[in-house]
Amino acid sequence: MITDCHVHIGKSNWLQVYSDARDLIEAADHSGIDRMMVTDLTALIYDIEEGNRLIREAVSDYRDRMIPYYTIVTGRHGKKILEDFERYVTDYGFRGLKIYSVPPLQLIDDPYMLPFIEKAAELRIPILAHSTGAECESLSRQVPECILLNAHMGCCPQAHGDWHASVAAAKKFPNIYLDTTSSSFDNGMIEFAVEEVGAERVLYGSDLPLLDPTLQIAKVTESDITQEQKNLILHGNIDRILKLRGTE
Amino acid sequence: MILDVNGYFGSWPYWPMKGTDPNAILEKMDRYGIDRVFLNSLRGVFTDPEEGNAETLRAVESCPDRFSPALTFSPYHPGYEHFISLLKEKQGCLLKLFPLNHSYQIHEEPRVEEVFNLCGERKIPVLIPYRLMMSWRLPIMNFGSMGGVIEKFPQTHFILGSINYLFELQTARSLLRRFSNTSLETSAMMAYREVEKLVAEFGAERFIHGSCIPLQNPAIGPLKIKDANISDEDKEKILSGNLLKLMG
């Protein structure tokens with residue numbers, strides 16, 4: 001059983017990816033992924049309302065395989081988007097919030113983002129935060145009850161690849177989880193995260209369709225941890241988090 | 001058969017890393033079916049290429065049926081003449097360069113040019129990693145001037161290593177298109193279906209398997225070739241055939 005906590009749908013010239021639901025299902029079938037948590041690229045890089053509407057339609061035929069995040073590029077579009085976010089969770093079955101930090105253009109811990117973090121905490125849904133470990137720490141200090149999945153666990157250019165900093169942040173704050181997807185396959189990275197914060201706080205993600213999900217699964221299965229720990233990372237933890245809202 | 005053109009051993013200065021001695025590397029090679037690795041000592045990268053080469057040769061002598069030497073040099077090291085003698089004498093080696101770590105430019109450097117000429121005469125491939133390993137923390141080479149270098153030494157074969165995706169891959173593609181004496185090493189290619197796309201564009205003959213053992217999880221290197229939707233014949237070329245052919 002595999003649940004992927006980090007998948008993208010839609011189009012991005014910047015990332016050179018153009019994927020619809022069928023492409024993702026085909027890739028998931030090839031790699032043995034049962035369920036995917038999916039965020040929309042249009043919402044992430046162009047138009048929040050349009051992108052979230054698109055993903056709502058795109059996953060409608062695949063609700064047993066695809067769980068949508070509500071995606072925002074910034075909190076600065078205000079109340080209307082905040083209301084939309086809540087409605088998409090309560091009425092349309094969205095089960096996460098995706099936020100993206102691109103300093104200095106947009107930061108995830110600016111004051112405008114806080115209402116979204118607080119709302120996600122109130123709705124008891126996870127927040128997939130493409131960010132540094134330090135930004136996750138900052139949000140955790142302000143909204144301790146939020147559930148933060150630190151995308152790439154620091155292995156992205158914005159976080160300078162510093163997975164040690166992300167692991168340290170997760171060690172400090174029990175609400176921070178580490179998402180394993182990235183281009184980095186450092187020897188001992190998964191083992192270190194498990195040793196420091198426990199397998200219960202590490203989640204498998206693929207970043208499909210940018211990265212190869214089969215390799216991302218192997219990052220977990222070929223690490224020197226127990227099978228029980230691998231199972232928690234591959235699906236157990238995210239399945240448990242998704243049940244927090246009480247609608248799973 | 002699986003050959004690995006990109007291996008290291010020795011101390012890793014930036015964070016603790018287990019399993020970096022040759023015996024531990026052998027264990028991992030057995031686990032993932034890697035028959036032979038071209039190794040170079042990290043001492044040669046960080047402190048002294050001559051001492052590093054000596055360590056590399058000792059490691060290879062301890063297990064000549066599994067290890068081959070990747071020698072390195074710096075044009076500013078006092079042992080340059082000795083290195084030239086070594087390069088003239090050694091069979092079955094490759095040259096691996098670290099201009100960022102040794103603080104030199106790869107173009108218009110007379111000693112580098114002398115070495116490239118010698119490599120061309122002796123059919124010694126030259127591996128130039130874009131980065132030491134696929135980590136966003138580490139500095140990257142500027143491959144912008146590589147075209148002029150490759151063009152100047154048509155008898156020498158250049159293997160461009162540790163290239164990931166998007167912009168950096170675009171540069172590498174341009175070099176592959178322009179110069180037949182160029183191959184790409186695969187250790188940092190993590191994008192979805194990248195191997196398939198590249199093989200379709202350039203042919204499998206232009207790619208050489210590397211895992212970046214032990215800095216990266218060595219499970220991933222062979223897996224990305226074996227799992228790619230390309231023919232068995234193409235897989236064999238990438239995993240071993242192309243390097244065997246280059247080494248004569």
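The values are calculated or read from the model by the stated rules, or taken from the named source; none is laboratory data. This one's a predicted model, so the numbers in the text were calculated from it and none came from an experiment. For neighbour counting, all protein chains shown are included, and Cβ atoms are generated from backbone atoms with ideal geometry for every residue, glycine included. Ligands, DNA and RNA are excluded from the accessible area calculation, which covers all protein heavy atoms including side chains. Shrake-Rupley method; radii C 1.70, N 1.55, O 1.52, S 1.80 Å.
In segment B:17-31, burial by the other protein chains removes 10 Å² or more of accessible area from B:17, B:18, B:28, B:31, compared with the chain on its own (1.4 Å probe, ligands and nucleic acids ignored). At q = 0.12, 0.13, 0.17 Å⁻¹, what log₁₀ I(q)/I(0) does segment B:3-246 have when each alpha carbon counts as one equal point scatterer in the Debye sum? At q = 0.12, 0.13, 0.17 Å⁻¹ the computed log10 ratios are -0.62, -0.74, -1.36.
The portion of the accessible surface of segment A:3-242 made up by carbon and sulfur, rounded to a whole percent, is 50 (1.4 Å probe; DNA, RNA and ligands excluded). Once the 1.4 Å probe is applied to the protein heavy atoms, segment A:36-141 comes out at 40 Å² accessible per residue. Could you check the spin-label model distance between residue B:200 and residue A:91? Points 7 Å from the Cα along Cα→Cβ, value in nm. My value for the distance between the label points is 4.1 nm. Which of the trypsin sites (Lys or Arg not before Pro) found in segment A:13-86 are loop residues per DSSP with 13 or fewer other Cβ atoms within 10 Å of their Cβ? For trypsin sites (Lys or Arg not before Pro) across segment A:13-86 that sit outside H, G, I, E and B with at most 13 neighbouring Cβ atoms in 10 Å, the list reads A:63, A:76. Helical content of the protein assembly as shown, expressed as a calculated mean residue ellipticity at 222 nm, amounts to -11500 deg cm²/dmol (DSSP H runs of 4 or more residues, -39,500 (n - 2.57) each, divided by residue number, nearest 500). For segment B:49-127, just say rounded, prolate or oblate: build the C-alpha gyration tensor, square-root its eigenvalues into a ≥ b ≥ c, call rounded for a/c under 1.5, and beyond that prolate if a/b exceeds b/c, oblate if not. Taking the square roots of the gyration eigenvalues as a ≥ b ≥ c, segment B:49-127 is prolate. Looking at segment B:48-112, the chymotrypsin sites (Phe, Trp or Tyr not before Pro) that sit in a DSSP loop and have at most 14 other Cβ atoms within 10 Å of their own Cβ are B:76.
Segment B:59-127 and segment A:194-248 have Cα centres spaced 42 Å apart. Mean projected area of the Cα convex hull of segment A:141-248, taken over all directions, amounts to 7.1 nm². Of the chymotrypsin sites (Phe, Trp or Tyr not before Pro) found in segment B:181-219, not one falls in a DSSP loop while having at most 16 other beta-carbon atoms within 10 Å. For segment A:206-248, the solvent-accessible area of protein heavy atoms averages 37 Å² per residue (probe radius 1.4 Å; ligands and nucleic acids excluded).
Solvent-accessible surface, computed for protein heavy atoms with a probe of 1.4 Å, shrinks by 10 Å² or more for the following residues of segment B:178-219 when the other protein chains are added to the isolated chain: B:190, B:191, B:192, B:193, B:214, B:215, B:216, B:217, B:219. The lysine pair count for segment A:117-248, using Cα distances under 22 Å and pairs eight or more places apart or on different chains, is 5.
Residue B:176 sits with roughly 0 Å² accessible to a 1.4 Å probe, with DNA, RNA and ligands left out of the calculation. Measuring only protein heavy atoms, the 1.4 Å probe finds residue A:235 accessible over about 40 Å².
Here the convex hull built on the C-alpha positions of the protein assembly as shown has a volume of 134 cubic angstrom per residue.
Solvent-accessible area assigned to carbon and sulfur over chain B amounts to 49 percent, based on a 1.4 Å probe. Only Lys, Arg, Asp and Glu carry charge here, each on its Cβ (+1 for the first two, -1 for the last two); on that basis segment B:3-246 has a dipole of about 420 debye about its Cα centre. Non-local lysine pairs in segment B:158-248, meaning eight or more places apart or on different chains, with alpha-carbon distances under 13 Å, amount to 5. Take the alpha carbon atoms of chain A, find their radius of gyration, then divide it by 2.2 N^0.38 Å using N residues; give the quotient. Against the empirical 2.2 N^0.38 Å value, I get 0.91 for chain A. Treating r as the C-beta distance of residue B:231 and residue B:177 and R0 as 25 Å, the FRET efficiency rounds to 0.65.
Rounded to the nearest 100, the interface formed by chains B and A buries 2600 square angstrom of accessible surface, both chains summed, with a 1.4 Å probe.
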